[in-house]
Amino acid sequence: TQLLEQSPQFLSIQEGENLTVYCNSSSVFSSLQWYRQEPGEGPVLLVTVVTGGEVKKLKRLTFQFGDARKDSSLHITAAQPGDTGLYLCARLPHNQGGKLIFGQGTELSVKP
Amino acid sequence: NAGVMQNPRHLVRRRGQEARLRCSPMKGHSHVYWYRQLPEEGLKFMVYLQKENIIDESGMPKERFSAEFPKEGPSILRIQQVVRGDSAAYFCASSQNLQETQYFGPGTRLLVL
């Protein structure tokens, strides 16, 4: 089974703090996606990382794909209350069509 | 260009009733995926359809659940004889081609009393 383990499961921080969430797997994946889901809404794609060692930035969000392509991290600088939400990593397994496999998510709460 | 639309957004059913969830993909998208999000669990794949064809239903329970994506009209996820354990958020996603970005709808929250 190609599981994705996310940590931490819950994170509650104050506005202005930095944080990192992790997504790990025992198997190599060809690409990995990060989504953000707000309460009552569907997931919204933030980024897709493809190359081992790749780093992508989206404003205050920095996404990194591990060199071995088995892990990824999302770092948020100077978190704001608007960053509150569920952060999900997901992968498309090889030869299994469009079936996305999601991690369990990290529930982030940023308090003003 | 409207995004993926799902209706209803909220659905309440009593045990034993049928639930019909609708999904209209983004314009130009012919690939539709259904996922279920149970409380305290992540999103789990249920079924992948392309116009008029079920491509992969490996995540769908064998009984009571069915899905279709007719030539005309929205994709339908149908749950017969609902039980309390079916209470969850059901999300539909669509993509233009296989392996391309999937865009998610806002979900239908099903509550079975």
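Under a model in which nothing but the beta-carbon of Lys, Arg (+1) and Asp, Glu (-1) is charged, region A:2-56 shows a dipole of about 200 debye around its Cα centre. Taking the Cα atoms of region A:1-56, the ratio Rg/Rh between the radius of gyration and the Kirkwood radius comes to 0.98. Taking 23 Å as the limit for the C-alpha separation, the pairs B:Lys27/B:Lys71; A:Lys70/A:Lys111; A:Lys70/A:Lys99; A:Lys59/A:Lys99; A:Lys70/B:Lys27 exceed it in the case of A:Lys70/A:Lys111; A:Lys59/A:Lys99; A:Lys70/B:Lys27. Summarising the label geometry, the points placed 7 Å from Cα in the beta-carbon direction at A:Glu41 and B:Glu100 lie 2.3 nm from one another.
The alpha carbon centroids of region A:1-62 and region B:2-56 are separated by 24 Å. Exposure proxy for B:Glu40, A:Glu38: other Cβ atoms within 10 Å of each Cβ, ordered fewest to most, give B:Glu40, A:Glu38. For region B:27-113, the C-alpha radius of gyration sits at 1.06 times the compact-globule guess of 2.2 N^0.38 Å, with N the residue count. In plain terms, the residue of A:Arg36, B:Arg14 with the fewest other Cβ atoms within 10 Å comes first and the most crowded comes last, giving B:Arg14, A:Arg36. Scaled against the 2.2 N^0.38 Å expected of a compact globular protein of N residues, the Cα radius of gyration of the protein assembly as shown reads 1.03.
Dividing the Cα radius of gyration of chain A by its Kirkwood radius returns 0.96 for Rg/Rh. Site pair B:Glu40 and A:Thr20 shows an inter-label distance of 3.0 nm when each label is modelled 7 Å from Cα along Cα→Cβ.
Looking at the protein assembly as shown, what % of its DSSP beta bridges pair antiparallel, to the nearest 5? Approximately 90 percent, going by the DSSP bridge assignments.
Every number in this text was worked out from the coordinates using simple rules, so none of it is lab data. The structure presented is a predicted model; accordingly, all values stated were derived computationally and were not measured. Virtual Cβ from ideal backbone geometry, glycine too; neighbours counted across all protein chains shown.
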